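The values are calculated or read from the model by the stated rules, or taken from the named source; none is laboratory data. Keep in mind it's a predicted model, so treat the numbers as computed, not measured. Cβ coordinates were reconstructed from backbone atoms using ideal geometry, including for glycine residues, and neighbour counts include every protein chain displayed.
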Amino acid sequence: MAGPRAIQGPAMTDPLKLERRRRAIHGWLLLSPALAMLTVFALYPSVATFWTSLWSRGTRRNPSEFIGLENYRALLEDPTFWKVVWNNLLYAGVTIPASIAIALIMALWANSRIPARSFIRTAYFTPTVLPMIAAGNLWLFFYTPSFGILNKIGALFGAPSVNWLGQPDTALWAICIVTIWKEAGFFMVFYLAALQTIPPDLKEAAEIEGASRWTYLRRIVLPLLMPTTLFIFVNAMINSVKLIDHLFILTKGGPSDSSKLILYYIWENAFAYFDRPAAAAMTIFVLIVLGLLAAFQFLVLERRTHYQ
Amino acid sequence: MSRYIEPILAIALAILWVSPLVVAFWAAFHNVSDAINFRLSAPLTLENFRIAWDGAPWLRYFLNTFLLVTLILAGQFFLCTLAGFAFVQTRFAGRDTVFILVLLQLFILPEVLIVENYRVAASLGLLDSLMGIGAPYMASAFGMFLMRQAFKSVPRDLDEAARVEGCSTLGVLWRVYVPAARPTYLAYALVSISTHWNNFLWPLIVTNSESTRPLTVGLSLFAAPENGVDISVISAATIMVIAPLLIGFLIFQRQFVQAFLTAGVK
């Protein structure tokens, strides 16, 4: 039955289809400016980074040539690289648990009936709004050997003067402390919000059951805060790659690379030693780690929260 | 007795947490030998601020940071509003794939791509310009995600009513969605401003002159050991740099905290 419908063709007249096509065109038009920017400043640089990492470092005499995975091999043989990876693992391993634990304690206090609560909240949160560069300057006062406050306090107890930033054993720890100081108050906010969604009946019920405060905290509050903790954890992981500005002020990665972190080393390779291929290979390494983190976030954590 | 322990610890921690700021503030108003010897009764002075102010073109740095933050925010609002709206419009082929790409982008930080982003900026002629500092941050995956979440809560009926009234797609966006998402815009603005006021690494790489350098880069140059300024002057400069944001934060504290929450939780 070849009626008039078949002659006109379905695509031309079906108003639903026309509408759908119109919406698709509008959708792509709306997306295009952002997609263009993302392509230029994220997608293309990611691909280009990989491409760059496959070429040798060009000098005036020897132009850059394709060397495959040679830069990666060189990287794996570079002791400084391993030193920096180890430093960064230590940095993450120290700052993440410490800032999460302190954030939780801060939130519990800031959420309880306590005198001077608004001062306490403000004090905890204030470092969040300061630049890392400024934080570095503020902490100089604590660390500098000749007049640092830490040494002043130490001297009261007869401790010897320590050059906190100037010796390999303590430099990275000094860096970690600044990061924890900066992050804890930020993470506290998320815990604070989560704590306020816990119904007060739970606490009453626990009290009637005769549960101690510690049991209530461990059995009820901590499990309920689990999604928040995971969210904070992912953020803290990202920050352990990203937060390196204070290195520029406090240690510049030294002494003898003892406080150097990966992103700082990438910067140094690219903009101080002008070895772009090495920096690119390291960047790929970081991108893979971040990609794994993203996979963890989407595959494991997203079962709880749904972006719908 | 034991019920006093926690408040005391809480306050002690709070004091510990503000102490770097308080010490720097105190040092900024005292001359350096008084500051490092902690002579609490030493006279106040504004000399450090005078030396710091004369030591670098701060006014220019302030202006650069202000313009930079405004430029980035404007770009983010524009791009993320359009993209966020596209993601809540009726489903179309390819939309979900793009969304996943955008989510992935949350993890590919502009900071990590400095090596090639520098080359991109160079080839576009954006080195040492405010646009060069700002451009990589404008198509913020985070912002698109945030705007999408905000637009999602707009009732469908409002959208359809506006279309029946004869609004175009952009008209609906402008008249219905944007006004409804006002709190999200405020939250996003506060987060964006404080992030980029404080940003350092990428601006350090892209800028090489006074006329584009933001405050953070200016401060790091000023405080560099080669420059030979003493710790009181560094403190004064630091206080100057953080003052606008800090004062803004202290006044609009509730909004700031709320903003970080909205931005983080959604």
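Annotations
- Within the range A:105-163, the set of residues being under 30 Å from A:V221 (Cα atoms) and of a type in the set (S, T, Y) comprises A:S112, A:S118, A:T122, A:Y124, A:T126, A:T128.
- Flag for A:V85 being closer than 15 Å to A:V178 by Cβ, more than 14 Å from chain B (Cβ to nearest Cβ), β-branched (V, I, T) and part of a helix (DSSP H, G or I): no
- Number of the exception - B:V176 against (1) more than 30 Å from A:R22 (Cα to Cα); (2) of a type outside the set (F, W, Y); (3) surrounded by fewer than 22 Cβ atoms within 10 Å (Cβ to Cβ): (1)
- Count of residues meeting criterion [surrounded by fewer than 21 Cβ atoms within 10 Å (Cβ to Cβ), touching a Gly at 6+ places or on another chain (Cβ under 7 Å) and not in a loop (DSSP other than H, G, I, E, B)] in the range A:232-261: 0
- Residue in the range B:186-198 that is at pLDDT 90 or above and more than 30 Å from A:N137 (Cβ to Cβ) present: no
- Criterion: surrounded by 21 or more Cβ atoms within 10 Å (Cβ to Cβ), within 13 Å of A:N137 (Cα to Cα), more than 7 Å from chain A (Cβ to nearest Cβ) and β-branched (V, I, T) - qualifying residue of B:V241, B:V233, B:V206: B:V233
- Checked against the criterion of being among the hydroxyl-bearing types (S, T, Y), within 27 Å of A:A295 (Cα to Cα) and surrounded by fewer than 22 Cβ atoms within 10 Å (Cβ to Cβ), the candidates A:T179, A:T215, A:T229 yield just one match: A:T229.
- Taking residues in the range B:141-169 that are within 14 Å of B:Q89 (Cα to Cα), and partners anywhere that are in a loop (DSSP other than H, G, I, E, B) and of a type in the set (K, R), the pairs with Cβ atoms closer than 7 Å and at least 6 places apart or on different chains are B:Q149/B:K266.
Residues are listed down the side, and each one gets a yes or a no for (1) exposed (fewer than 13 other Cβ atoms within 10 Å of the Cβ); (2) assigned by TED's automatic domain parsing to the domain that holds A:I262; (3) without any contact (Cβ under 8 Å) to a residue 12 or more places away in the chain:
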| residue | (1), (2), (3) |
| --- | --- |
| A:A24 | no, no, yes |
| A:Y44 | no, no, yes |
| A:T59 | yes, no, yes |
| A:F66 | yes, no, no |
| A:T80 | no, yes, no |
| A:N87 | no, yes, no |
| A:L108 | no, yes, no |
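- Close pairs (7 angstrom Cβ cut-off, 6 or more residues apart or separate chains): more than 7 Å from chain A (Cβ to nearest Cβ) and within 28 Å of A:R276 (Cβ to Cβ) in the range B:93-121, hydrophobic (A, V, I, L, M, F, W, C) and outside any helix (DSSP H, G or I) anywhere: B:A121/B:L127
- Test result for B:R182, more than 10 Å from chain A (Cβ to nearest Cβ), closer than 30 Å to B:D157 by Cα, out of contact with any His (no Cβ under 9 Å at 6 or more places or on another chain) and among the charged types (D, E, K, R): yes
- Every residue from the range B:58-87 that is among the β-branched types (V, I, T) and surrounded by fewer than 18 Cβ atoms within 10 Å (Cβ to Cβ): B:T70
- All positions within the range B:47-57 that are surrounded by fewer than 23 Cβ atoms within 10 Å (Cβ to Cβ) and either assigned to a helix (DSSP H, G or I) or out of contact with any Leu (no Cβ under 9 Å at 6 or more places or on another chain) (or both): B:E47, B:F49, B:R50, B:I51, B:W53, B:D54, B:G55, B:P57
Yes/no matrix, rows are residues, columns are (1) over 21 Å from B:A10 (Cα atoms); (2) assigned to a helix (DSSP H, G or I); (3) basic (K, R):
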| position | (1), (2), (3) |
| --- | --- |
| A:R61 | yes, no, yes |
| A:R73 | yes, yes, yes |
| A:L89 | yes, yes, no |
| A:T95 | no, yes, no |
| A:I102 | no, yes, no |
| A:I105 | no, yes, no |
| A:L108 | no, yes, no |
| A:P115 | no, no, no |
| A:T126 | no, yes, no |
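- For the range A:191-230, filtering for residues that are at positive phi and part of a helix (DSSP H, G or I) leaves 0.
- If you go through the range B:209-230 and pick out every residue that is out of contact with any helix residue (DSSP H, G or I) (no Cβ under 9 Å at 6 or more places or on another chain) and surrounded by 19 or more Cβ atoms within 10 Å (Cβ to Cβ), you end up with 0.
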